[in-house]
Amino acid sequence: MADSSVFDEIGPWSEVKLDIIRDYAQAYSRILTKKEIFYHIYIDAFAGAGINRSRTTGKFIPGSPLNALWVKPPFREYHFIDLDNAKVDALEQIAGERQKVYIYHGDCNEILLRQVFPRVPWEEYRRALCVLDPYGLHLNWTIIETAGEMRSIEIFLNFPIMDMNRNVLHRALEKVNPEQLQRMNAFWGDESWRECIYMSQEDLFGETHNHKVQCANKIVAEAFRQRLQSVAGFEYVPEPVAMRNSKGATLYYLFFAAQQPVAANIVMDIFNKYRREGT
């Protein structure tokens, strides 16, 4: 096994996320395998080392790549991407001698468009489940929109609302670092996020300031959900699951987007199960 320092330490909320993705990946593979005409692929754009350490128990637990490799019946191909060379090495150890497992060292924003997504053409009955789980605002909207336009790719997306709140969604927009604004625009695809989060007010001196509205987390999540449908072109985008820490603070939203109603129905059942259990 690789040096344990390469494995990410994750909280209970991330363990729940892994369970949700695992449960759906199992159902997805079972359904697509029955329809022999389809060739189904698993993609993890921020794969990590394939194994994580539980912050709660200290034990090693499988990450999404390892969970995917254990799915029965198996996917026809697996594509794992990470920027960290040590994590890529760990993934290669986990993959071992398995066939049709492709591991990439680099920026997923480039690798997905150039090397991976072209392997999933709709007209050749290829389909893919793609996990987009960035650590923060490290994903470009182009990836999301391309997946929607291709119609052959379903996505799970970590919507990093904590990173947004910490670095972008301050009370006063004028105080936000320009580099952080660029990151937000790249993730969102344009500057339309400002319209749903800020309202303009004049001060006593007649100067206009943009102030953050209340309940911004829910507002921005709903605006992004609608954007996944109206701009990226996904037909079905269920209400996301809010992943919260032990203090009840929302760390991120887990989105799912697909073109088929059966996919959305399965995910809504899984989401609701975890909502009932107090995710």
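So here's what we get for this one:
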{"read-out": "Qualifying residue in the stretch 246-262 (condition: in contact with a His (Cβ under 8 Å, 6 or more places away or on another chain), at pLDDT below 90 and not basic (Lys, Arg))", "value": "no"}
{"read-out": "The stretch 146-155, subset among the hydrophobic types (A, V, I, L, M, F, W, C) and outside any helix (DSSP H, G or I), residue surrounded by the fewest Cβ atoms within 10 Å (Cβ to Cβ)", "value": "Ile155"}
{"read-out": "Single residue of the stretch 263-278 satisfying the filter (open to solvent by 30 Å² or more (accessible area, probe 1.4 Å) and modelled with pLDDT under 95) that is nearest to Pro238 (Cα to Cα)", "value": "Asn272"}
{"read-out": "Pairs with Cβ under 6 Å, 6+ apart, first in the stretch 238-251 and among the β-branched types (Val, Ile, Thr), second buried (at least 17 other Cβ atoms within 10 Å of the Cβ) and in a loop (DSSP other than H, G, I, E, B)", "value": "Val241/Thr279"}
{"read-out": "Which listed residue, of Val131, Val116, is β-branched (Val, Ile, Thr), modelled with pLDDT of 95 or more, surrounded by 17 or more Cβ atoms within 10 Å (Cβ to Cβ) and not in a helix (DSSP H, G or I)", "value": "Val131"}
{"read-out": "Extreme residue, nearest to Ile266 (Cα to Cα), among residues of the stretch 105-138 that are of a type in the set (A, V, I, L, M) and in contact with a Phe, Trp or Tyr (Cβ under 6 Å, 6 or more places away or on another chain)", "value": "Leu129"}
{"read-out": "Residue count, the stretch 134-143 (criterion: touching a Gly at 6+ places or on another chain (Cβ under 8 Å) and open to solvent by less than 40 Å² (accessible area, probe 1.4 Å))", "value": "1"}
{"read-out": "Enumeration of residues in the stretch 156-193 that are open to solvent by 70 Å² or more (accessible area, probe 1.4 Å), over 20 Å from Ala249 (Cβ atoms) and either part of a helix (DSSP H, G or I) or in contact (Cβ under 8 Å) with a residue 40 or more places away in the chain (or both)", "value": "Glu174, Lys175, Pro178, Glu179, Gln182"}
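Conditions tested, residue by residue: (1) under 15 Å from Met150 (Cα atoms); (2) out of contact with any Asp or Glu (no Cβ under 7 Å at 6 or more places or on another chain); (3) of a type in the set (Lys, Arg); (4) not in a loop (DSSP other than H, G, I, E, B).
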| position | (1), (2), (3), (4) |
| --- | --- |
| Glu222 | no, yes, no, yes |
| Phe234 | yes, yes, no, no |
| Glu239 | no, yes, no, no |
| Ala242 | no, yes, no, yes |
| Leu254 | no, yes, no, yes |
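The values are calculated or read from the model by the stated rules, or taken from the named source; none is laboratory data. Here the structure is a predicted model, which is why all the values come from computation and not from measurement. Note that each Cβ is placed from the backbone with ideal geometry, even for glycine, and that neighbours are counted across all protein chains shown. Side chains are part of the model used for accessible areas, which takes the heavy atoms of the whole protein and leaves out ligands, DNA and RNA. Shrake-Rupley method; radii C 1.70, N 1.55, O 1.52, S 1.80 Å.
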